[in-house]
1. Can you tell me which residue among GLY53, GLY85, GLY70 is out of contact with any helix residue (DSSP H, G or I) (no Cβ under 7 Å at 6 or more places or on another chain), surrounded by 15 or more Cβ atoms within 10 Å (Cβ to Cβ) and of a type in the set (Gly, Ala, Ser)?
2. Can you tell me how many residues within the range 15-36 are more than 12 Å from the chain's Cα centre (by Cα) and either closer than 14 Å to THR100 by Cα or buried (at least 19 other Cβ atoms within 10 Å of the Cβ) (or both)?
3. Out of all the residues in the range 1-34, which are assigned to a strand (DSSP E or B) and hydrophobic (A, V, I, L, M, F, W, C)?
4. State whether one or more residues within the range 97-106 are hydrophobic (A, V, I, L, M, F, W, C) and either surrounded by 16 or more Cβ atoms within 10 Å (Cβ to Cβ) or at positive phi (or both).
5. Report whether or not TYR93 is modelled with pLDDT under 95 and either in a strand (DSSP E or B) or surrounded by 13 or more Cβ atoms within 10 Å (Cβ to Cβ) (or both).
6. Would you mind stating whether ASN39 is assigned to a loop (DSSP other than H, G, I, E, B) and either surrounded by 13 or more Cβ atoms within 10 Å (Cβ to Cβ) or under 15 Å from the mean Cα position of the chain (by Cα) (or both)?
7. Just wondering, is there one or more residues in the range 97-110 that are within 15 Å of LYS27 (Cβ to Cβ) and out of contact with any strand residue (DSSP E or B) (no Cβ under 7 Å at 6 or more places or on another chain)?
8. Right, PRO107: in contact with a helix residue (DSSP H, G or I) (Cβ under 8 Å, 6 or more places away or on another chain) and either of a type outside the set (Gly, Ala, Ser) or at pLDDT below 95 (or both) or not?
Amino acid sequence: MATYNKFNLFTRDLIQKKHDFANDTFKVLLTNTAPVATNAVKADLTEISAGNGYTAGGTATSLTLSNASGVEKVVAANVTFTASGGTIGPFRYAVWYNDTQTSPADPLIGWADYGSSITLNSTETFTWTPDATNGLFTLT
């Protein structure tokens, strides 16, 4: 099970209306370099090389918002990466960010640590599976 971590500036970005969870495009990218909580934007990260089925900038995920008794929950759809014609990786971290924002450009939200590096051989898949029960985060 991956460990989910939040970037420090995400909460401030949220309060300053940097994220529109109903309309912005959110993506998941892969990296083998450990993110740190003080990273703020995608440019602070070292993404794995594009190719063999992996696209620079990662892959978009769709969001579902729900509210129950005043608690808003954000759930993201799974994202699957499939190696084709060679390997993808190695990578250890999946990072979730907002690809729509331009100021700041591509603000970070959180990352999942899979504990050890993963390399996909051709035709193998990796699926980023966020917590559908509890959501990526809730606001109360």
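1. Just a single option satisfies the conditions, and that option is GLY53.
2. The qualifying residues number 8.
3. Within the range 1-34, PHE26, VAL28, LEU29, LEU30 meet the criteria.
4. no
5. no
6. Yes: the conditions hold for ASN39.
7. For the range 97-110, residues within 15 Å of LYS27 (Cβ to Cβ) and out of contact with any strand residue (DSSP E or B) (no Cβ under 7 Å at 6 or more places or on another chain): present.
8. yes
The values are calculated or read from the model by the stated rules, or taken from the named source; none is laboratory data. Everything numeric here is computed off the predicted structure, so don't read it as measured data. Using ideal geometry, Cβ is built from the backbone for each residue, glycine included, and neighbour counts are taken over all protein chains shown.
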